1. Within the range 141-189, count every residue that is within 30 Å of Leu101 (Cβ to Cβ) and either charged (D, E, K, R) or open to solvent by 50 Å² or more (accessible area, probe 1.4 Å) (or both).
2. Within the range 81-94, which residues are part of a loop (DSSP other than H, G, I, E, B), open to solvent by 90 Å² or more (accessible area, probe 1.4 Å) and either of a type in the set (A, V, I, L, M, F, W, C) or free of Cβ contacts under 8 Å to residues at least 24 places away in the same chain (or both)?
3. Tally time: how many residues in the range 51-80 are part of a loop (DSSP other than H, G, I, E, B), closer than 21 Å to Arg166 by Cα and either open to solvent by 70 Å² or more (accessible area, probe 1.4 Å) or not β-branched (Val, Ile, Thr) (or both)?
4. Let me confirm something: among Ile402, Ile452, which residue is touching a Gly at 6+ places or on another chain (Cβ under 8 Å), of a type in the set (A, V, I, L, M, F, W, C) and closer than 23 Å to Arg379 by Cβ?
5. Only residues that are under 42 Å from the mean Cα position of the chain (by Cα) and either more than 24 Å from Val643 (Cβ to Cβ) or among the aliphatic types (A, V, I, L, M) (or both): list them for the range 589-631, please.
6. If you take the residues in the range 507-517 that are open to solvent by 30 Å² or more (accessible area, probe 1.4 Å), touching a residue at least 60 places away in the same chain (Cβ under 8 Å) and not in a loop (DSSP other than H, G, I, E, B), which one is farthest from Phe323 (Cα to Cα)?
7. Scan (1) surrounded by fewer than 20 Cβ atoms within 10 Å (Cβ to Cβ); (2) in a helix (DSSP H, G or I) for the single condition Asn596 breaks and write down its number.
8. Looking only at the range 292-314, which residues are among the aliphatic types (A, V, I, L, M) and either surrounded by fewer than 20 Cβ atoms within 10 Å (Cβ to Cβ) or part of a loop (DSSP other than H, G, I, E, B) (or both)?
Amino acid sequence: KFIQPFGITNLNPEELSNLPTVLDILHLGDRDTERLRKVLQGGVPNLVLNARRHTEESQIIAGAGAFGAVTIATNMAGRGVDIKLGGELAEEVITAVNRVLGRAGYEDPFDMTQEERRAALKNVDPSNFGIYDAEVRLFLQYFEDMERVKELGGLHVIGSERHEARRIDNQLRGRSARQGDPGSSRFYLSLEDDLMRLQGGSQVSSLMERLRVDDSLPLEVRLVGNVIEQSQHRIEGANFDVRKHLLEYDDVLNNQRAQIYGQRDRIFVKEDLSDDIATMLELEIKERVETGLADQEGPWKLIAWLEQVQPPFMTEERLFPSFGLSLLLKELSSSDNVRQAVLDLIARAIDLEHEHHLHAIEGLIENTEQSLEAQIASRADSLDAYFEGLRDMDETPRPQKILEDINALVGLQLRLNNEQLRTLGDDPDGAKEDIQNLLVSNLTAMYASRVISAVQNRFGEAIAEKFEISNWDDAADKILEAAGNALDNRRERLVGENGQIARDLDNLMPRELTDTTKFQLLLNLSQGARTAFDQKTHRQVKQVFNRFSYMFLIAKLLDGQEAAQVIEDVLNHLEEAQESLQMAWGQREYARLASNAQRLADFGDAAKRAFGEERLNETAASLGESDREALIESIGRYVLNEVHRQLLLAATSELWVEYLTRIEALRVSIGLEAYAQRDPLVQYKGRASEMFSQLVEDIRGLVINRVFAYRPTPIEITPVETADLPAQAQTMQIDNSKKKKRRRH
């Protein structure tokens with residue numbers, strides 16, 4: 001039907017008589033006859049631009065504007081690149097033309113434009129082209145092809161579909177008419193495309209079928225174009241809403257990220273971080289003290305935490321105690337007879353510790369009893385179900401087979417005598433009660449042995465010999481009695497008339513009673529040494545262990561005190577600990593720097609803060625005692641501040657990385673909230689807020705746990721004093737990896 005108006009009967013386009021008609025239809029001249037015949041015979045030569053040929057993308061785009069070039073590309077490939085009409089010239093061609101122009105007498109042909117080179121070549125005799133004749137003619141042909149491309153309308157873009165986003169279509173159109181060059185574009189859309197199918201294309205298709213419209217009839221109506229643009233606008237709006245909804249998830253983390261990074265930036269640039277550490281200490285201590293004093297078991301957990309946060313450490317002048325040891329020192333200071341006061345103090349500590357152990361054992365027995373009852377009930381139900389199944393069997397299995405099934409069912413090795421086995425084979429229901437009783441006794445013995453093992457691990461020694469157990473109440477009474485006897489024996493062994501503490505006290509009693517020697521005495525008496533066998537080295541080694549703990553006595557000393565008073569006392573003690581650490585760091589660094597320092601300027605910013613710039617040229621040897629102390633204090637403040645800076649950065653970075661992993665897992669799983677008829681975004685915001693609040697608390701807790709752990713190496717003291725110090729007082733430098741493992745554990 002298309003060709004009928006042209007009066008052609010032979011529909012072969014390669015027929016010589018039909019070529020003029022085809023040339024006229026395509027608006028081509030006679031000079032294109034041979035080229036048209038090759039295209040009709042061999043097909044249109046083309047290049048495909050897609051993701052698979054990304055390495056050749058630049059070459060394909062460079063030749064896409066050449067005369068007769070056909071490039072098949074996706075609407076996303078090569079976006080944002082100008083397609084130059086006429087194509088691009090190879091560097092070899094331009095180099096050859098420059099050489100020809102150089103021989104012809106032109107100066108600096110490399111600085112000439114392409115048009116200037118073309119005009120210059122027209123004035124050069126073709127006989128002077130020499131070996132570059134082919135390159136020069138290719139160069140001149142390039143301009144003829146460019147002009148011909150422009151005459152034919154430039155780059156023509158044919159779109160096989162419309163994209164959901166108008167932006168993509170406009171980018172595809174924009175590849176033509178670049179830099180003011182001519183060009184055109186035309187898009188084709190099928191009613192079966194996704195864009196039309198989603199926006200009512202089926203209605204248009206049914207209308208065309210009712211009107212019997214030919215499928216080849218193009219619909220070039222402005223109304224259709226408006227419908228397509230409206231459809232694209234609606235889809236873009238829907239996609240925008242989706243992106244906006246997803247962005248709300250990102251905003252939650254972005255706000256948290258801004259807070260964390262803002263805090264890290266302040267840590268980097270702030271000169272003095274002591275106020276930040278003091279604020280963290282106050283918040284953490286307030287929360288811990290209020291929780292510890294409200295504990296029904298007493299504030300012993302608070303004391304244990306304080307001992308871990310700030311253990312005793314040695315300075316040049318003295319042994320700085322922990323908060324608990326400082327309370328014990330107050331108890332000793334009110335007595336004139338130090339030896340008897342120490343014995344009474346240790347006896348009270350052991351009694352309170354034994355009271356705590358008995359209370360803990362009672363709680364363990366109660367919890368074990370509940371677990372035992374649950375296990376007995378669960379296995380009894382399984383036995384009932386099994387014996388009901390035996391009644392429904394046509395033939396009763398052998399007694400040994402029944403016993404094997406029961407043992408596998410209850411997870412125990414029950415043993416029956418010959419009479420019980422015969423009863424089990426003849427009358428299974430008659431043997432059921434014996435099996436249940438045997439089950440109860442075995443479970444009771446197993447759980448009792450677990451409790452005994454737990455108690456022995458707590459004491460570090462056997463509590464009693466094996467004893468017969470008839471029921472759980474009897475086992476509980478015997479365990480409590482044996483534990484009480486073991487604790488009484490332990491007390492007699494330590495603080496009895498001829499106890500170990502009294503003998504050790506006579507040997508360790510210092511000649512001069514100072515606060516430091518009293519601290520050392522209390523620490524040494526709480527520790528003992530024993531010989532053990534090392535499995536790795538197969539040698540006997542000496543192990544240091546704690547004979548008793550002052551923790552419960554210290555907790556008893558806090559009974560009846562107000563939370564505000566305890567908070568103030570703890571903060572004052574930790575403030576003194578900070579000052580002692582500051583002086584220890586200052587003395588250590590001063591001792592290290594003083595040997596090489598000639599002037600005050602050699603001490604860096606610490607000397608500048610202590611004396612100002614006008615005294616930096618003074619010699620270090622001329623400093624008086626007060627000036628030296630001021631310099632040491634300034635050095636200690638600077639070093640401790642840098643320690644706090646590293647600590648804050650490490651804690652923030654470490655926990656922030658872990659938090660990112662957890663928040664990403666929350667984001668992946670939060671969509672399941674929709675099954676419970678809850679908005680996932682609302683739930684995500686709520687949980688992320690809770691997690692971030694917990695992150696801030698964790699950072700604060702980690703900083704406080706480490707703030708007193710970084711200490712300088714000890715100043716050298718005499719071997720006798722070193723031997724008298726406990727292990728925890730001798731160790732002045734901490735292993736960060738061990739602290740991290742201990743915290744995670």
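The values are calculated or read from the model by the stated rules, or taken from the named source; none is laboratory data. As the structure is a computational prediction, the values presented were derived from the model and not from experiment. FYI the Cβ positions are ideal-geometry reconstructions off the backbone, even for glycines, and counts take in every protein chain you see. Calculation scope for accessible area: heavy atoms of the full protein, side chains included, ligands and nucleic acids excluded. Shrake-Rupley method; radii C 1.70, N 1.55, O 1.52, S 1.80 Å.
1. Residues in the range 141-189 being within 30 Å of Leu101 (Cβ to Cβ) and either charged (D, E, K, R) or open to solvent by 50 Å² or more (accessible area, probe 1.4 Å) (or both): 11 in total.
2. Result: no residue meets the conditions.
3. Keep residues of the range 51-80 that are part of a loop (DSSP other than H, G, I, E, B), which gives 63-70, 74-80.
Among the residues that remain, those that are also closer than 21 Å to Arg166 by Cα are: 74-80.
Retained after the next criterion (residues that are either open to solvent by 70 Å² or more (accessible area, probe 1.4 Å) or not β-branched (Val, Ile, Thr) (or both)): 75-80.
So the answer is 6.
4. Numbers: Ile452 fails: touching a Gly at 6+ places or on another chain (Cβ under 8 Å).
Within the list Ile402, Ile452, the selection yields Ile402.
5. Scanning the range 589-631 gives Ala591, Leu593, Ala606, Ala607.
6. The qualifying residue farthest from Phe323 (Cα to Cα) is Leu508.
7. (2) is the only condition that Asn596 fails.
8. Leu293, Ala294, Ala304
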